[in-house]
Structure formats: structure tokens, C-alpha cells
Amino acid sequence: MEPITVLRDKRILLGVTGSIACYKSVELASKLTQAGAKVDVILTESAARFVTPLSFRSVTGRPVYTDMWGLDDHVRHVGLGESADLMLIAPATANTIAKLASGMADNLLAVTALAARCPLLIAPAMDGGMWEHPATQTNVGTLQERGVVVIGPAEGRMASGLGGVGRMVEPMDLLGEIRLRLGMSGPLSGRRVIVSTGPTREPVDPVRFISNRSSGKQGIAVAQAALDAGAQVTLVAGPTCEESPYGARVIDVQTTQEMGNAILSCVDETDILMMVAAVADFRPNAVSDRKIKKNENADWGLAIGLEKTLDILSAVKERRDVTGFPRMVLGFAAETHNAFEYGREKLLRKGLNFIAVNDVTADGAGFAVDTNRVVLLSSAGVVEEMPLQSKTAVAERLIYYVAGALGGV
Ligand code: CTP
């Protein structure tokens with residue numbers, strides 16, 4: 001797990017209550033800690049029967065609190081509640097949910113939840129029948145009315161062997177939800193951002209296509225950085241094996257035309273377009289609807305005829321000249337030579353605010369690696385010549401500049 005900027009030194013209060021899903025909370029505590037957060041865990045008495053405080057202490061490196069009150073503990077709940085940036089109770093049993101809804105304070109976790117002034121998230125875990133029971137539903141409704149965020153529960157097989165809705169949401173999704181909440185008031189709060197990523201594929205026949213080496217990693221990192229800055233993110237993704245960031249609306253596309261259609265359909269309500277995708281510039285001028293057979297290709301010859309695809313950024317520019325949206329456009333230029341000159345020419349031709357130029361042949365930059373070396377240009381010249389760094393760090397710098405420029409629009 002890589003460190004995560006929005007989680008660095010954040011104090012997360014993780015409440016754990018008595019459900020078999022407790023073991024997954026150890027993984028969550030571990031991931032949050034690796035990501036840079038300071039995780040304080042409170043276990044209820046029944047949770048401590050499923051997992052020991054030592055398990056949590058071992059992964060967080062911090063004291064773990066239980067219902068065993070000591071002599072010096074009389075205001076511990078206030079201290080824990082007040083110092084936290086966010087409190088998550090995962091798993092949250094029907095019993096704890098009922099306590100929270102009625103304001104009961106008969107254990108350290110419940111009393112801390114009452115004292116806390118930070119956002120409270122709960123991830124319920126229980127059997128399907130208990131979740132659906134009107135008592136639980138009423139309690140959950142009461143908590144939601146008070147601003148508590150309820151994550152899940154998910155559908156699937158439960159400890160009872162029965163299926164249904166009641167499983168705790170998986171740790172990585174809980175981490176994604178925490179990340180979203182902590183980023184919410186960031187510099188792009190309330191802004192709409194479209195990020196394109198990956199390659200496009202232009203079909204030759206039903207089994208073959210023309211494409212390029214893009215992995216989609218840089219675009220996904222940009223989408224994640226925009227989410228961390230509080231934006232509402234639409235990720236228009238060509239075929240990629242990378243996982244989409246939690247919280248993004250994802251539109252999957254294959255061809256340049258599909259990518260262009262998806263972007264143009266929502267560009268009018270958009271503040272920022274970050275065009276990271278490696279879009280195919282050419283496509284076969286005829287697509288066979290049957291597989292082209294080796295021995296029956298007389299009509300096709302051995303050459304594939306090509307035609308130009310839509311230049312998406314140029315189409316966006318035409319629209320933007322009329323509507324003024326998107327307010328900010330950043331393009332990428334992947335080059336193998338004369339990177340600076342080509343980048344500058346594209347910035348002007350495509351009417352961009354910024355262009356991130358990278359020499360994809362440079363060591364550690366380019367396709368399928370986790371690092372990149374980028375020079376950011378605006379019409380005024382070089383904004384920053386960035387060092388070789390992770391694609392995550394590149395993405396965060398790009399968001400920093402675009403958010404700053406948008407603030408001044
Ligand atoms: N781009 C686009 N539509 C295309 C091709 C590219 O919108 N049909 C976008 C890319 O997503 C990128 C920028 O334009 O943000 C520059 O892409 P690049 O492939 O470097 O430039 P091209 O315009 O394709 O020019 P060339 O092939 O001459 O390098």
C-alpha cells in the first residue's frame with residue numbers, strides 16, 4: 001500500500017463491534033496505517049472475543065482501547081472523539097446501531113461516538129433478516145437524518161450460511177469511502193472533472209484491433225488525485241486492466257469515436273477536462289463483420305486501409321468557443337522526440353490551458369511503468385519541469401496547478 005496524501009497524519013478512530021467481520025477490520029486498520037493515517041482502535045467487549053487488541057496494536061503501532069476502563073480513563077472518550085478527523089465503526093452490529101440511534105452510552109465506543117464532533121461513518125454487518133427488520137431500518141434512518149454516513153451492507157454469503165444483504169463492505173472500499181470524505185472539502189470541492197484514460201481500440205474485424213501501449217495508469221492517478229481534491233469525477237476509460245478509483249463515475253469505451261461521444265455528451269456541465277488518454281489517430285476504413293481468414297483474404301489484400309479518427313480535443317475546442325465549457329482543459333503529449341516543440345504546438349492548436357509533455361522513451365517514463373517525467377506547459381511557457389516521480393505524484397502536481405488556475409478564472 002502506497003502512502004496516500006489525503007490520509008497522511010489524519011487521525012482515524014476505528015470502532016469495532018462484535019461480528020465475525022471483525023477480522024477484516026484488522027486489514028482495514030493495517031491499510032490505513034500503511035497509507036499514513038494514525039489509527040486509534042476502540043473494541044467493544046464482544047469484538048475483543050473475535051479479534052484481540054494485540055492484533056490491532058500490531059498493525060497500527062498505537063494503543064488500542066477496550067471497554068476495560070482504568071483509573072486514568074475518565075475523559076478518554078472526549079479526548080479520542082475530539083482529536084479524530086473521522087470516526088468509522090466497522091463492523092457495526094444491529095446492537096451498536098440501536099445504541100447510537102438512541103444515544104445510549106454504556107461502553108467506551110458508544111460514549112466516544114456521542115462525544116465525537118467529526119464525521120461518523122458506519123459499515124453495518126449482520127444477518128439479512130436483522131438488517132431488514134423495521135427496528136434496524138428505523139435506527140439506520142435516524143442516524144442518516146443526523147448526518148451519519150451508512151456504507152453498505154453488501155450482498156453475499158453470510159456467516160449463517162444464508163445469502164442476502166448484510167455483509168460488511170470490503171476493507172478497500174471502506175478505505176475509498178474514508179478517502180472521499182477526507183478529500184471532500186479540498187480545492188476542487190463541488191467541481192466537475194472529466195478524466196480520459198487508457199488507449200482506444202479500433203476494430204479491424206470481430207477479433208482484431210489496432211491500439212497502442214497505454215496502460216491507463218497515469219489517467220487513473222489523475223482521476224484519483226481529482227477525487228482526493230474533492231471533485232466529482234467522471235472517468236472515461238478505454239480498455240485498461242487497472243482498477244478504477246473508488247467514487248468515480250466510470251464510462252467504459254472502446255473506440256476514439258465512443259470516447260469522443262462520451263466526453264462531448266457531458267462536457268457542457270464540466271469545469272475541467274483532463275485528456276490523459278492515448279487516443280488512436282487512425283482507424284481501419286472498413287471493418288469486416290466476419291473474422292478475416294488467412295486463406296480467404298483476396299478482397300482485403302494484405303494492407304489495412306486507414307482513415308483519421310475524430311480529434312476529440314479539437315471537437316471540444318469548437319464547442320468551448322461557443323459555450324465556455326469546460327473552463328479548463330489539460331492535454332497530454334506523449335512524444336518520442338522534440339517533445340517540447342510538439343507539446344507547445346499542440347497546446348496552441350488544441351486551445352489548451354495546459355499540456356503535460358512527456359518523452360515516453362526516457363528512462364522510467366511512459367507506458368506500463370509506475371513513474372513518469374513530465375514538463376507542464378501553459379501558453380505562458382514552462383510551468384514546471386517535474387523530476388522523475390510516481391504517476392501519483394505527477395497527478396497531484398497537475399491537479400494542484402489546474403485547481404489553482406481554475407480558482408483564478
Ligand atoms: N487527442 C485527442 N483526439 C485524438 C488524438 C489525441 O483528443 N484523436 C488528445 C490526447 O488525448 C492528448 C492530446 O490530444 O491529450 C495530444 O495527443 P497526441 O497523440 O500527443 O497528439 P496528436 O494530436 O495525436 O498529434 P500527433 O499524432 O502528431 O502526435
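A short reminder: the numbers here are calculations on the coordinates, not readings from a lab. Only a predicted model underlies this, so the values are computations on that prediction, with no experimental measurement involved. Glycine also receives a Cβ, built like all others from the backbone with ideal geometry; neighbour counts cover every protein chain displayed.
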As I understand it, the value is the acute angle between the Cα axis of helix 217-228 and the longest principal axis of the Cα atoms of the chain; what does it come to in degrees, rounded to 10? 50
Nearest-20 debye value, region 5-182 charge dipole, Cβ charges on Lys, Arg, Asp, Glu: 420
Determine the dipole magnitude for the chain: charges of +1 sit on the beta-carbon of Lys and Arg, -1 on that of Asp and Glu, nothing else is charged, the reference point is the Cα centre, and the result goes in debye to the nearest 20. 100
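Once you wrap a convex hull around the alpha carbon atoms of region 232-294, what is its projected area averaged over all directions, in nm²? Write down the numbers at each step before the final one.
Working: hull surface 24.9 nm².
Average projection, Cα convex hull of region 232-294: 6.2 nm².
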Cα long-axis angle, helix 339-349 against the chain (0 to 90 degrees, to the nearest 10): 90
What would the Debye formula give as log10 I(q)/I(0) at q = 0.09, 0.12 Å⁻¹ for the alpha-carbon point model of the chain, no solvent? -0.67, -0.97
For region 164-289, give the magnitude of the charge dipole about the Cα centre (Cβ charges: +1 Lys/Arg, -1 Asp/Glu; no others), in debye to the nearest 20. 240
√(5λ) per eigenvalue of the Cα gyration tensor, region 348-390, largest first, Å: 22, 11, 7
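So what is the 222 nm mean residue ellipticity for the chain from helices alone, if each DSSP H run of at least 4 adds -39500 (n - 2.57) and you divide by all residues, rounding to the nearest 500 deg cm²/dmol? Write down the numbers at each step before the final one.
Working: 14 runs with 143 residues, N = 409.
Helix contribution divided over all residues of the chain: -10500 deg cm²/dmol.
Suppose we keep just the DSSP beta bridges with both residues in the chain; what percent of those would be antiparallel, to 5? The partial results should precede the final answer.
Values: 20 of 63 bridges.
Just about 30 percent of them are antiparallel.
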Can you find, among SER102, MET158, SER189, the residue farthest towards the positive end of the dipole of the chain? Put +1 on the C-beta of Lys and Arg, -1 on that of Asp and Glu. SER189
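Once the Cα gyration tensor of region 187-406 is found, what semi-axes does its equivalent ellipsoid get, as square roots of 5 times the eigenvalues, in whole Å, sorted largest first? Write down the numbers at each step before the final one.
Values: eigenvalues 182, 72, 59 Å².
In descending order, the three semi-axes are 30, 19, 17 Å.
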Taking springs between alpha-carbon atoms closer than 10 angstrom, which of SER214, SER160, SER102 fluctuates most in the Gaussian network model of the chain? SER160
In 5 Å bins starting at 0, how do the alpha-carbon pair distances of region 1-126 split up by percent? 2, 12, 23, 26, 22, 11, 3, 1
May I ask for the angle, rounded to the nearest 10°, between helix 256-266 and the longest principal axis of the chain, with both axes built from Cα atoms and the value confined to 0 to 90°? 60
